[in-house]
Structure formats: C-alpha cells, structure tokens
1. Give the residue that is modelled with the highest pLDDT, with candidates limited to residues of the stretch 68-89 that are assigned to a loop (DSSP other than H, G, I, E, B) and surrounded by fewer than 12 Cβ atoms within 10 Å (Cβ to Cβ).
2. List every residue pair whose Cβ atoms lie under 7 Å apart, where the two residues are 6 or more positions apart in sequence or sit on different chains, the first residue falls within the stretch 80-94 and is in the same structural domain as Leu48 (by TED's automatic domain parsing), and the second residue, located anywhere, is of a type in the set (Gly, Ala, Ser).
3. What residue, of Gly65, Gly93, is modelled with pLDDT of 85 or more and small (Gly, Ala, Ser)?
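The values are calculated or read from the model by the stated rules, or taken from the named source; none is laboratory data. Remember, it's a predicted structure, so these values are computed and weren't measured experimentally. Methodologically, a virtual Cβ is constructed for each residue, glycine included, from the backbone with ideal geometry; neighbour enumeration extends over all protein chains shown.
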Amino acid sequence: MKKCPNCSADVEEVFELCWNCNYSFSEQKVIEIKDYTIQEGNREVNCLRCDIPLIFSGRYDFHEGARLGAWGNLFELFVNSERFDLYMCPKCGKVEFFIPLNDSEYKKS
C-alpha cells in the first residue's frame, strides 16, 4: 500500500489514481474527472483512425428475428433487442456503437 500525498488515503501499489481524491501519482496532481451522466449524443469520443471527434448519428434499436405478418407483435416477445447510440467519423466513415448510459425507459430484454 502507498499513501496518497493529497488526502492520506491508502492506495494499492498497482493503482496510479487515488480512489478518494483522484490524485494522480504519475502526474503528481489531482485529476478532474468528467461527470459520466452523459446526455443523449453528448459523448466526447475521437475516431480511432483519424483522431477527430465523432458525430452523434442517433439512437437505434436493433433486434434479432423477423416479424411474421399479423403475428409479428406476438413474436417480438421472444426476440432479443438492444439499443445503441451510433457515432460516425466524418472523415473516414468509421462507425462506433455505444450502450446508452442514461436510457431509463429502455429495459434490456
């Protein structure tokens, strides 16, 4: 264990950030951590290829299976569905999917 010089908390040797005050042992200062209660389409993420900000394209529902005529809604009960936020790179066209962090009305089936 090592002691945090900022708040005197005990920190495991393998960690570089204090769990109590966010003091970075490598940078020797307190790090400001952004709030992760992200609003829809409000993530700040860069393209892994181009290193430019991705653009929020929308929130999409995906499901496995097919609708079968009039019985389609009944069969929807047995289908696995997921919801994702889609971001795209305006330069190279790369697409990234993220699980919505604040989607309270969505319940994973």
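1. Checked the stretch 68-89; the qualifying residue modelled with the highest pLDDT is Asn80.
2. Asn80/Ser109; Ser81/Ser109; Asp85/Gly41; Leu86/Ser57; Leu86/Gly58; Tyr87/Ser57; Met88/Ser57
3. From the options Gly65, Gly93, the qualifying one is Gly93.
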